[in-house]
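The values are calculated or read from the model by the stated rules, or taken from the named source; none is laboratory data. The model shown is predicted, which means the values in this text are computed figures rather than measured ones. Here the Cβ positions follow ideal geometry from the backbone for every residue, glycine too, while neighbour counts run over all protein chains shown. For the accessible areas, the whole protein counts, side chains as well, though only heavy atoms, and no ligand, DNA or RNA atoms are used. Shrake-Rupley method; radii C 1.70, N 1.55, O 1.52, S 1.80 Å.
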Amino acid sequence: MPVAHVNGINLGYDDHGSGEPVVMITGTAAPGRIWRAHQVPALKAAGYRVVTVDNRGIPPTDLCEEGFTLDDMAADVAALITHLDAGPCRVVGFSLGGIIVQELLLARPDLVSQAVLIASCGRADALITAMSAADLALADSGITLPARYAAYVQALQNLSPDTLNDEEQLQDWLSVLELSPPSPAAVRGQLGLQLIGDRLPAYRRITVPCQVIGFRDDLIARPALVRELARHIPGAAYAEIPGCGHYGCLEKPDTVNEIITAFFTRN
């Protein structure tokens with residue numbers, strides 16, 4: 001994996017394929033490789049060069065244990081696009097990654113030609129605030145949850161009822177989640193960054209064409225919040241996918257990929 005020294009840190013990224021570049025930003029505690037199974041192959045097949053990023057706190061990117069902000073993470077993406085001489089380019093953000101992209105669209109719109117915001121929001125409501133506070137409390141407690149228990153909780157939080165009721169699929173998910181549990185302490189700097197104030201008025205200033213995607217069974221970025229975000233971004237298109245939760249990019253990858261590539265082609 002290449003590492004770029006940008007914005008004062010070492011930032012890990014992967015570079016796949018050739019063509020017009022698409023930069024993809026993940027959510028809390030997620031490495032850039034989560035895009036490899038479905039989105040990278042689909043975008044490469046559509047003729048794009050795909051750059052996936054490991055955000056601050058995710059090795060080989062620096063942990064930045066002194067702390068960091070959303071502005072820092074948006075500046076990291078801007079600096080990487082400049083480093084790769086890739087701008088203006090298409091950018092995709094999922095969950096926390098979507099919020100990072102939204103801030104990038106305000107700070108450096110010159111670097112982005114189109115943006116896809118997946119399972120993102122424009123403000124932290126009471127439930128997001130409670131979840132973030134709980135995650136921070138767990139990280140600061142020093143407690144490590146048993147992997148089997150952590151996998152069960154992740155499944156309930158992030159998968160749709162369709163997947164939870166399919167015993168074969170669910171067992172596969174639980175096995176994967178148990179093998180790779182997130183470490184709250186390792187990503188302490190990212191936890192709580194989704195605790196944003198009401199950024200919706202600011203997002204009315206976004207001028208870059210945007211596609212917003214929500215997942216109907218998402219318990220984290222609930223559809224009402226995602227639709228609200230889309231309404232506040234001038235000209236934004238909105239699509240809502242049934243039968244998937246917060247991990248909709250993995251539960252319904254073909255549908256997600258079709259929406260992304262159609263948006264890129266349409267605009």
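Key figures for this structure:
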{"read-out": "Residue check, Pro234 assigned to a loop (DSSP other than H, G, I, E, B), without any contact (Cβ under 8 Å) to a residue 40 or more places away in the chain and open to solvent by 10 Å² or more (accessible area, probe 1.4 Å)", "value": "yes"}
{"read-out": "Among the candidates Asp85, Asp71, residue that is farther than 23 Å from Glu251 by Cα, charged (D, E, K, R) and part of a helix (DSSP H, G or I)", "value": "Asp71"}
{"read-out": "Evaluation of Phe94 against (1) among the aromatic types (Phe, Trp, Tyr); (2) open to solvent by less than 40 Å² (accessible area, probe 1.4 Å); (3) more than 30 Å from Asp198 (Cβ to Cβ) (one fails), failing number", "value": "(3)"}
{"read-out": "Residue check for Glu178: out of contact with any Leu (no Cβ under 6 Å at 6 or more places or on another chain), open to solvent by less than 40 Å² (accessible area, probe 1.4 Å) and acidic (Asp, Glu)", "value": "no"}
{"read-out": "Filtered residue count, the stretch 70-96, keeping only those that are out of contact with any Gly (no Cβ under 6 Å at 6 or more places or on another chain) and at positive phi", "value": "1"}
{"read-out": "The stretch 197-213 - residue that is over 11 Å from Leu229 (Cβ atoms) and out of contact with any Pro (no Cβ under 8 Å at 6 or more places or on another chain) and, of those, surrounded by the most Cβ atoms within 10 Å (Cβ to Cβ)", "value": "Gln211"}
{"read-out": "Residue check for Ala221: surrounded by 24 or more Cβ atoms within 10 Å (Cβ to Cβ) and within 29 Å of Glu66 (Cβ to Cβ)", "value": "yes"}
{"read-out": "Residues (among the small types (Gly, Ala, Ser), in a helix (DSSP H, G or I) and closer than 15 Å to Arg205 by Cα) located in the stretch 94-128", "value": "Ala107"}
{"read-out": "The stretch 48-74 residues that are more than 22 Å from Pro21 (Cα to Cα) and open to solvent by less than 40 Å² (accessible area, probe 1.4 Å), paired with ones that are among the acidic types (Asp, Glu) and at pLDDT 95 or above (beta carbon under 6 Å, 6 or more apart)", "value": "Leu70/Glu103"}
{"read-out": "Number of the condition not met by Ala79 [criteria: (1) small (Gly, Ala, Ser); (2) in a loop (DSSP other than H, G, I, E, B); (3) at pLDDT 95 or above]", "value": "(2)"}
{"read-out": "Filter pass, Thr207 being more than 16 Å from Met131 (Cβ to Cβ) and not in a helix (DSSP H, G or I)", "value": "yes"}
{"read-out": "Complete set of residues in the stretch 1-28 that are over 22 Å from Ala262 (Cα atoms), open to solvent by less than 50 Å² (accessible area, probe 1.4 Å) and part of a strand (DSSP E or B)", "value": "Ala4, Val6, Ile9, Leu11, Gly12, Tyr13, Asp14"}
{"read-out": "Qualifying residue in the stretch 141-161 (condition: farther than 22 Å from Leu229 by Cα and touching a Ser or Thr at 6+ places or on another chain (Cβ under 7 Å))", "value": "no"}
{"read-out": "Residues of the stretch 58-75 satisfying the condition of being closer than 24 Å to Ser180 by Cα and among the hydroxyl-bearing types (Ser, Thr, Tyr)", "value": "Thr61"}
{"read-out": "Pairs, first over 20 Å from Ser180 (Cα atoms) in the stretch 132-146, second open to solvent by 60 Å² or more (accessible area, probe 1.4 Å) and of a type in the set (A, V, I, L, M, F, W, C), C-beta under 8 Å, six or more apart", "value": "Ser132/Leu195"}
{"read-out": "Near pairs, Cβ below 9 angstrom, 6+ apart or cross-chain, from the stretch 107-123 (on the phi > 0 side of the Ramachandran plot) to any residue that is surrounded by fewer than 21 Cβ atoms within 10 Å (Cβ to Cβ) and among the hydrophobic types (A, V, I, L, M, F, W, C)", "value": "Ala119/Ile220"}
{"read-out": "Enumeration of residues in the stretch 122-147 that are among the polar types (S, T, N, Q), under 12 Å from Gln194 (Cα atoms) and open to solvent by 50 Å² or more (accessible area, probe 1.4 Å)", "value": "Thr129"}
